1. For the stretch 66-147, I need the span (max minus min coordinate) of the C-alpha atoms along each principal axis, in Å, sorted largest to smallest.
2. Between the stretch 105-138 and the stretch 60-103, how many Å separate their Cα centres?
3. Would you please give the residues with an amide H less than 5 Å from that of Leu75, counting only those at least 5 places away or on a separate chain, with H modeled from the backbone geometry?
4. Tyr64: net charge of surrounding residues, Cβ under 15 Å, Lys/Arg +1, Asp/Glu -1, itself excluded?
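All of the numbers you see were taken from the coordinates with simple rules; none came from a lab. In this text, all values refer to a predicted model and were calculated from it rather than measured experimentally. When we count neighbours, we look across all protein chains shown, and the Cβ atoms used for this are built from the backbone with ideal geometry, even at glycine.
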Amino acid sequence: MNDDVLNHQPPTFSPDTGLFYVHETNSLRIDYLLEPDARGSMGLGGESSAAGINYGTFIDAIDYKTGKVVWRHQLSSGNVGLLSTAGGLLFTNNGQNFAAWDAKTGTPVWHTQIGALSAPAETFMLNGKQVILASAGTGLYMFQMIQ
């Protein structure tokens, strides 16, 4: 089964923009029972198969006061969670890219091809400077914000 179905990845909220950011995955899955379990109704499903369709993955920026979508950005794939910063950026993965968008408008600002993220990005201060930490594949990447 798809990890996106089993795990609900973290959204984020920015008090600066007043927007709540969530991943939206539009898909469906149909499971077929091919052969019932011969032991009867022991809670065992037997042999099954499945088919699925994905209609797209998006980032939605929602005004928390009205519930209206302010902007929406389609992703090529990925759903590890979102990170918003006080600097007005929104980070997540987009396929094999680690990417940042303008949190207010959804305009792409920056990306780097480090591979698909394995967890949401994190941010913290190090020696008085803000850094972003991202894990992808078998690597751990740290980016420093340049002013």
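1. Dimensions of the stretch 66-147 along the principal axes of its Cα atoms: 39, 28, 19 Å.
2. 13
3. Placed amide hydrogens put Thr57, Phe58, Ile59 under 5 Å from Leu75.
4. 0
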